[in-house]
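Student: Just dropping this structure here.
FYI, it's all coordinate maths here, none of it is from the lab. Predicted, not measured: the structure shown is a model, and the values here were computed from it. Here the Cβ is made from the backbone with ideal geometry for all residues, glycine too, and neighbour counts use every protein chain on show.
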Amino acid sequence: MPSQISLNEHLLTKGNLSDDLRHLICDIARAAKYIQFALRTTQAGLSGTRNSFGEEQLKLDVVSDDIIRQHLCQSRLVASFSSEEQKDIIELDAKAPFTVAYDPLDGSSLVETNFAIGSIFGIYEGAQLIGRTPREQVAALYVIYGPRTLLVYSTGNSVHEFLLDDVGEFILIHEFLGIADVAKNYSPGNLRAIHENDGYKKLMETWLDEELTLRYSGCMAADIHHIISKGQGVFSNVGGSSYPEGKLRLAFECGPFAYIVEHAGGAASDGKQPILDKKITNTDQRTPIIIGSKKEVERACKILAS
Ligand code: AHG
Ligand code: MN
Ligand code: MN
């Protein structure tokens, strides 16, 4: 018997979930292995251009989207899905148990820099996404493609982290991840908003005055994984400049991360209400977000409102 615990084994013994949901998460994890292979083997700089053989290449976010779509279709477990890369919600089989909302490649503009990037997934029961709130998710997970490929999942009570090994198995490396109430790191997105958002300017002055440590990469998945892996920190992306509601989308980015961070003991707010309680009205819907260590999120919301 292998002494290491695989993702499937962990879901079986600790996930407290149905076989259907376990199979769907394993299918998504398999898709992520193909994405990490595509990222590793596609020549750098090939973002929608031609490779050195003159062959046309798709952007890696489109490649990633195709890979995930295929795996969701083949799972036979998906009633409908919605991707950041596709305008319409795709309906597959109304009788299938789940709906999936995903960002196939978050931080895709960073591909050529070789920074860490990620894929993000939120899973709902039923065939509908519109009208639901992220609190209704039955699972959320993300994958980070960095120096190592990591997968973090929650099925509603705790948060666990896996490493993709050389054999191609996701192996448990950290169980029951937690986020402390107080943040020492900050990760401020859409900073240009300070010119028209006085609250955000005040918040930045507070974080600068208190000498929090800056950790911002430009990939939400990697920046929030930093918080989850260090067990503290705060990430923000609020309205202002060209993005009146902030840059990040509720269904594909903020909803899944709010679910995971809250189940690790952190918080996620749009400044007024928990992200988990915001109704999804359309797939392009953006939301301001402050997410991470609970006390810092609460304080940031007060400063933003002042
Ligand atoms: P995507 O690559 O899926 O379009 O998302 C990029 C997002 C998010 O990951 C990140 O936090 C934000 O854009 C960065 O925005 P700025 O470059 O404006 O900081
Ligand atoms: Mn994204
Ligand atoms: Mn994306």
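Student: Binning at 10 angstrom from zero up to the longest distance, how are the C-alpha pair distances of segment 7-174 distributed in percent?
Tutor: Here the calculated profile for segment 7-174 is 10, 39, 35, 14, 2.
Student: Would you work out the Kirkwood radius for segment 184-265? I mean one over the mean of 1/r across all pairs of different Cα atoms, in Å.
Tutor: Computed over segment 184-265, the radius equals 13.2 Å.
Student: Next up: Cα extents of the chain along the three principal axes, largest first, in whole Å?
Tutor: 51, 49, 40
Student: Which one of 167, 186, 146 is farthest out on the positive end of the charge dipole of segment 135-219, using unit charges on Cβ (Lys, Arg +1; Asp, Glu -1) and the Cα centre as origin?
Tutor: So the residue furthest toward the plus end is 186.
Student: Indicate, rounded to the nearest 5 percent, the antiparallel portion of the DSSP beta bridges found entirely in segment 185-305.
Tutor: If I count the DSSP bridges inside segment 185-305, around 60 percent turn out antiparallel.
Student: Could you pull out the pairs from 279/302; 95/230; 14/294 whose alpha carbons sit more than 31 Å apart here?
Tutor: Those over the limit are 95/230.
Student: Within 10 Å of each residue's Cβ, count the other Cβ atoms and sort 287, 206 from fewest upward.
Tutor: The most exposed by this proxy come first: 206, 287.
Student: So, one more: Semi-axes of the equivalent ellipsoid for segment 152-306, please: Cα gyration tensor eigenvalues, times 5, square-rooted, ordered largest first, whole Å.
Tutor: Rounded to whole Å, the semi-axes are 26, 18, 14.
Student: Could you compute the FRET efficiency for residue 281 and residue 90, with r as their C-beta to C-beta distance and R0 at 22 Å, rounded to 0.05?
Tutor: The value I calculate is 0.75.
Student: Please go through segment 137-234 and write out the GluC sites (Glu not before Pro) that DSSP classes as loop and that have at most 15 other C-beta atoms within 10 Å.
Tutor: 175, 196, 210, 211
Student: While we're here: Between residue 172 and residue 302, what length comes free when the chain is fully extended (0.36 nm per residue of separation minus the Cα-Cα distance, one decimal in nm)?
Tutor: 43.0 nm
Student: Tell me, which longest segment in the chain has none of the trypsin sites (Lys or Arg not before Pro) that fall in DSSP loops with at most 15 further Cβ atoms within 10 Å?
Tutor: 149-271
Student: Using Cα positions and a limit of under 20 Å, work out the aspartates and glutamates in reach of residue 278, with same-chain residues fewer than 8 apart set aside.
Tutor: Partners found: 84, 103, 125, 136, 245, 253, 262, 270, 298.
Student: How high is the relative contact order of segment 180-230? Use alpha-carbon pairs under 8 Å, at least six apart in sequence, and give a whole percent.
Tutor: In percent, rounded to a whole number, it is 45.
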